[in-house]
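Reviewing the structure listed below.
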Amino acid sequence: MKRLLMVAYFFPPVGGIGSAGAQRVLKFAKYLKHSQWEPVIVTVKESSYEPFLTMDSSLLDKIPAGTTIVRTGVFRGLTLLLRMKNRVLRIIGARGQVVSFCQHVGQPLRESTLAKKSSYQRMKDAITDLLEIPDEEMGWFFPGVLAGLGSFSRYRFDAIYSTGRPWTAHLIGLSLKLLTGRPLIVDFRDPWMTNPFRPEYSSLRDRLETTLERVTIEKADVVISNTAELQEEFVKRFPAQSPSKFHTLLNGFDVDDFEQRDNINGIHSGSHLTITHAGFLYGKRDPKTFLEALRRVIDAGQVNPDRLRVWFVGSIELSYDVSEYLSVWGLNKVVFLRPHVPYRDSLEFLRQSDVLLLLQPGTKTQIPSKLFEYIGGRKPILGISPLDGATARLMQREGLGVIADPENVDAIASAIRSVYDLWSHGDLSSMMNGTVHDRFDVRHITAQLAELLSRL
């Protein structure tokens, strides 16, 4: 039995927005043992995660007994700086009261507090930028490297696997490769510098991160992407590297997650079509065009609102109040919002639905892990994603359902109407290829990872 060090920031009990990363590593770790690889996982203590991350204790039950997990802290230097900032602002605030008093009695104002604040802001922004290269989890770098070295002394692992985002995990993996001489596999769950969701940063930070990405690619022994489109992009962007270095390992679903359970939510009665989206809504993953299309088909009398239920299950962080939007447009009796639920409950929502809604606008090289859970649920999918992107291509190639462009409200309305008509005639099964299911079983994906490890 050989050992694989897995460097993964996201790992159970992380759920919510971090669930996709946590689930990928968890499933690999679960089934690598079947291929004679013993995982040793370096990750983060629950108390050291950012407070905005959701913890889901039910995921801990999915970790195989006997799995070696090394959890570390995270040094959050930026948090300390922000605390210092608040102290300084309190001091400045108190001084501002003194300055106001001096002005009141006619004494000259010697310094401009506005100028001081502006200078402080510039300094804070510059330091923040430096502390967050390559990302906001840079404070995990030294604890992660030390934990990896300790694991090497104790377990003498044979290879290293790192998964990002956060990209700090790749820097930890790269450092451990240089320090131990063990081969390194880097797993990109998302693009790094070409990610359409990447915020705008300073040119200095862009140059530094571009260099870090290039060094990571060059020094790694194997580069994994979770879509073929991202693999092709890497091959084009790094022509000096052998194309054989780059591989695609899609996400998958775990059959153990889809055991039959009782109807715990009562969301499906059979008298109406139930469409469910399970997952985090944020940024470009905005349901507004879908909701506009839904309103159109209802207003046109093409869909009976009394025979339709749409569920959005999960956290929402958008620039507007979705609940208010539903009320204004009269959709609040058709569309229902359910806050974040434990992972096993979200799967139960999928099981009780007729059609599963997938929102993946704004990106062409990424496929959300949610799609593979949908495949595991054996339900047809209504996908809203660019037609020339990775998500749409996979859905079309495998016959997973119907797909519409996120910018085309008419096309989305047509897709909703088509789904409703098929359901009305009891013919939803014609939407998807019934033989596709087993190809995305995570056990097959893990076997491919084990094969790559064996080549090393």
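The values are calculated or read from the model by the stated rules, or taken from the named source; none is laboratory data. For clarity, every value in this text was computed on a predicted model and none was experimentally measured. Here the Cβ positions follow ideal geometry from the backbone for every residue, glycine too, while neighbour counts run over all protein chains shown.
Here are a few things to note about the model shown:
- Residue satisfying condition, being modelled with pLDDT of 95 or more, on the phi < 0 side of the Ramachandran plot, more than 21 Å from the chain's Cα centre (by Cα) and exposed (fewer than 14 other Cβ atoms within 10 Å of the Cβ), within set SER327, SER269: SER327
- Qualifying residue in the range 296-312 (condition: part of a helix (DSSP H, G or I) and either among the hydroxyl-bearing types (Ser, Thr, Tyr) or under 18 Å from the mean Cα position of the chain (by Cα) (or both)): no
- Counted residues, the range 159-191 - those being in a helix (DSSP H, G or I) and either within 22 Å of the chain's Cα centre (by Cα) or not hydroxyl-bearing (Ser, Thr, Tyr) (or both): 11
Quick grid of which residues meet (1) β-branched (Val, Ile, Thr); (2) buried (at least 20 other Cβ atoms within 10 Å of the Cβ); (3) assigned to a loop (DSSP other than H, G, I, E, B):
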{"position": "MET193", "(1), (2), (3)": "no, no, yes"}
{"position": "LEU208", "(1), (2), (3)": "no, no, no"}
{"position": "GLU213", "(1), (2), (3)": "no, yes, no"}
{"position": "ILE217", "(1), (2), (3)": "yes, yes, no"}
{"position": "GLN241", "(1), (2), (3)": "no, no, yes"}
{"position": "ASP257", "(1), (2), (3)": "no, no, no"}
{"position": "ALA293", "(1), (2), (3)": "no, yes, no"}
